[in-house]
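Reviewing the structure listed below.
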Amino acid sequence: MGHSAETDEQYEGCLSFFDVRGLVPRPMRITVEATTLADETTTTV
């Protein structure tokens with residue numbers, strides 16, 4: 001659904017090439033909307 005403009009950068013490595021690493025920006029907060037098996041909509045932040 002959405003994400004915050006505020007980000008955090010951390011080094012992450014490649015699972016295929018263990019010596020390859022880089023800074024990856026990630027949002028500090030995300031919002032996810034999903035539908036349950038009972039056909040109800042839920043929102044998680």
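Within the stretch 11-38, the only residue that satisfies the criterion of being of a type in the set (A, V, I, L, M) and farther than 28 Å from residue 1 by Cβ is 20.
Identify all residues within the stretch 2-22 that are within 30 Å of residue 43 (Cβ to Cβ) and free of Cβ contacts under 8 Å to residues at least 24 places away in the same chain; write none if there are none. Explain how you work it out, then say what you get.
Within the stretch 2-22, the first condition is being within 30 Å of residue 43 (Cβ to Cβ), and the residues that meet it are 2-10, 12.
The answer is 5, 6, 7, 8, 9, 10, 12.
Taking the numbered list (1) exposed (fewer than 10 other Cβ atoms within 10 Å of the Cβ); (2) in a strand (DSSP E or B); (3) without any contact (Cβ under 8 Å) to a residue 24 or more places away in the chain in turn, residue 43 passes all entries but (3).
For the stretch 10-40, name all the residues that are assigned to a loop (DSSP other than H, G, I, E, B) and of a type in the set (A, V, I, L, M, F, W, C).
Kept after step one, since they are assigned to a loop (DSSP other than H, G, I, E, B), are these residues of the stretch 10-40: 14-20, 28-29, 36-40.
Scanning the stretch 10-40 gives 14, 15, 17, 18, 20, 28, 37, 38.
Per the listing 37, 15, the residue uniquely modelled with pLDDT of 95 or more, surrounded by fewer than 10 Cβ atoms within 10 Å (Cβ to Cβ) and more than 17 Å from the chain's Cα centre (by Cα) is 37.
The values are calculated or read from the model by the stated rules, or taken from the named source; none is laboratory data. Note that the coordinates shown come from a computational prediction; the quantities given were computed from them, not determined experimentally. In this analysis, Cβ positions are derived from the backbone assuming ideal geometry, glycine residues included, and neighbour counts consider all displayed protein chains.
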